[in-house]
Amino acid sequence: MIRPADQNSIQEAAKLIRESELVAFPTETVYGLGANAFDEVAVQKIFAAKGRPAHNPLIVHIADFESIAGVATIPPASKIEQRLQLLRGFWPGPLSVVLPRTEQVAPSVCAGLATVAVRIPNHPVALALIKAAGVPIAAPSANPSNYISPTTAAHVEEGLRGKVRIILDGGSSEIGLESTIIDLCSDPVTLLRPGGISLEQLRSIFPDIKVREQHSLGPVLSPGLLKEHYSPRTPTILRGQREPQSYPSKVGLICFKQSQSLETNYKEVRVLSKSGRLEEVAAKLFACLRELDQAGLELIVVDTCKEIGLGRAIMDRLMRATAKFSG
Ligand code: TXA
Ligand code: MG
């Protein structure tokens, strides 16, 4: 089922997309589980395969800026059109934007909302697949609902074996965290999920951008952004926060940086980046959480970092991963 992402398998995967089937494919953020975004029957299969609640909308992937017009209604010279033009330089890349949807997008993609999230991924295989399919591809991360997002083809197979016809293998995802999501329909523009494009970068374009509080009251704008998400099964906590007085014997530690001190209390220790480079931490974090989740540990302790730049997205994912164990 895992296939090297060569021309033949991309063509075959594109044909499956046109035939209402599911295909998993690499992107620079995480692997996606794709279906034809215009095909309600196909999109329903995504929800079934992931066990994803119907109220959680999907991101639609397109191959170029011009294709936005097929999935979103943007009045010429409108505020949204101006905002889109300002963002052009971020695509292809790890940025998803929420826009008014067209009628053509299958209703369950948008989970009943009047908007659709769109992005142009920066991965040659994803782009080739979308072009070959000739339709926009709706794709959430290719993992069972609520588990850690996949950054390799093997991760996809682990979680969705038998539920997806082809997994295109494009190696490890370069960024390793899901895309940044911003809402271009709100005033001011709102950051819904931090990711590979940082808040600081977005502020240089939208100085008044608002950050949606994780626990804010009111209607759930982005239901997938609920607190508990991305959880390992093994109890997982942040280093230095609510660590137990007495440790169980099988504890794993994920460090962001190589340190001088010997970490003798731990059964397994992983260092994500020798120098603590956040790009490297992000790229390896999900794979490392998965690995330790399968290592028979009683507890996983994870480092923390400042919520600056990519650090904001890293801490967002870690807060979700640890939410149900730290309450
Ligand atoms: O990097 C990514 O974004 C990856 C790759 C595959 O592109 N995809 C991904 O999809 O992370 P998923 O389904 O795991 O997360 C999609 C998020 C959800 O939190 C959902 O609530 C939000 O996008 N979303 C989708 N449509 C929306 C809309 N119309 N308004 C607000 N949020 C939306
Ligand atoms: Mg996901």
TODO: For 305, 255, write out the residues from largest to smallest accessible area, computed with a 1.4 angstrom probe and no ligands counted.
DONE: 305, 255
Task: Solvent-accessible surface (1.4 angstrom probe) belonging to residue 204, in square angstrom, nearest 10 - done: 100
Open item on the list: I'd like the trypsin sites (Lys or Arg not before Pro) in the stretch 1-107 restricted to DSSP loop residues with at most 11 other Cβ atoms within 10 Å, sorted by number.
Closed with: none
Task: the stretch 25-58-the stretch 71-103 distance, computed between alpha-carbon centres (Å) - done: 21
Task: Sequence of 291, 268, 178 when ordered by accessible area, the most exposed leading, probe 1.4 angstrom - done: 291, 268, 178
- [ ] In nm, give the distance between the simple-model label positions of residue 326 and residue 257, each being 7 Å from the Cα along the Cα-to-Cβ direction.
- [x] 1.9
- [ ] Mind giving me the FRET efficiency for residue 69 and residue 233? R0 is 35 Å, r the Cβ-Cβ distance, nearest 0.05 is fine.
- [x] 0.25
TODO: Would you list which aspartates and glutamates come within 16 Å of residue 79, measuring only between C-alpha atoms, while excluding same-chain residues fewer than 8 positions from it?
DONE: 183, 187, 208
- [ ] Between beta-carbons, use under 10 Å as the cut-off and find the net charge around residue 145, counting Lys and Arg +1, Asp and Glu -1.
- [x] +2
- [ ] Rounded to the nearest 500, what is the 222 nm mean residue ellipticity of the chain from helices alone, with -39500 (n - 2.57) per DSSP H run of 4+ residues and division by all residues?
- [x] -8000 deg cm²/dmol
Open item on the list: Taking the Kirkwood radius as the inverse of the mean 1/r across Cα pairs, report the Rg/Rh of the chain.
Closed with: 0.97
Open item on the list: Distance cut-off 28 Å, Cα to Cα: go down the list 50/210; 163/257; 274/306; 163/267; 15/284 and report the pairs above it.
Closed with: 50/210; 163/257; 163/267; 15/284
Open item on the list: Explain nothing, just the number: relative contact order of the chain, from Cα pairs under 8 Å at least 6 residues apart, as a whole percent.
Closed with: 20
TODO: Could you run the Debye sum over the Cα atoms of the stretch 1-110, one equal point scatterer each and no solvent, and tell me log10 of I(q)/I(0) at q = 0.23 Å⁻¹, two decimals?
DONE: -1.41
Task: Total formal charge among the other residues, if their Cβ is under 14 angstrom from that of residue 276, Lys/Arg +1 and Asp/Glu -1 - done: +4
- [ ] For residue 131, list the aspartates and glutamates whose Cα falls under 12 Å from its own Cα; do not include residues on the same chain fewer than 8 positions away.
- [x] 64
TODO: For the stretch 142-181, just say rounded, prolate or oblate: build the C-alpha gyration tensor, square-root its eigenvalues into a ≥ b ≥ c, call rounded for a/c under 1.5, and beyond that prolate if a/b exceeds b/c, oblate if not.
DONE: oblate
TODO: Report residue 74's accessible area, 1.4 Å probe, all protein chains in place, as a number in Å² to the nearest 10.
DONE: 40
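The values are calculated or read from the model by the stated rules, or taken from the named source; none is laboratory data. Small disclaimer: the values here were computed from a predicted structure and weren't measured. When we count neighbours, we look across all protein chains shown, and the Cβ atoms used for this are built from the backbone with ideal geometry, even at glycine. All accessible areas refer to the heavy atoms of the entire protein, side chains included, with ligands and DNA or RNA removed. Shrake-Rupley method; radii C 1.70, N 1.55, O 1.52, S 1.80 Å.
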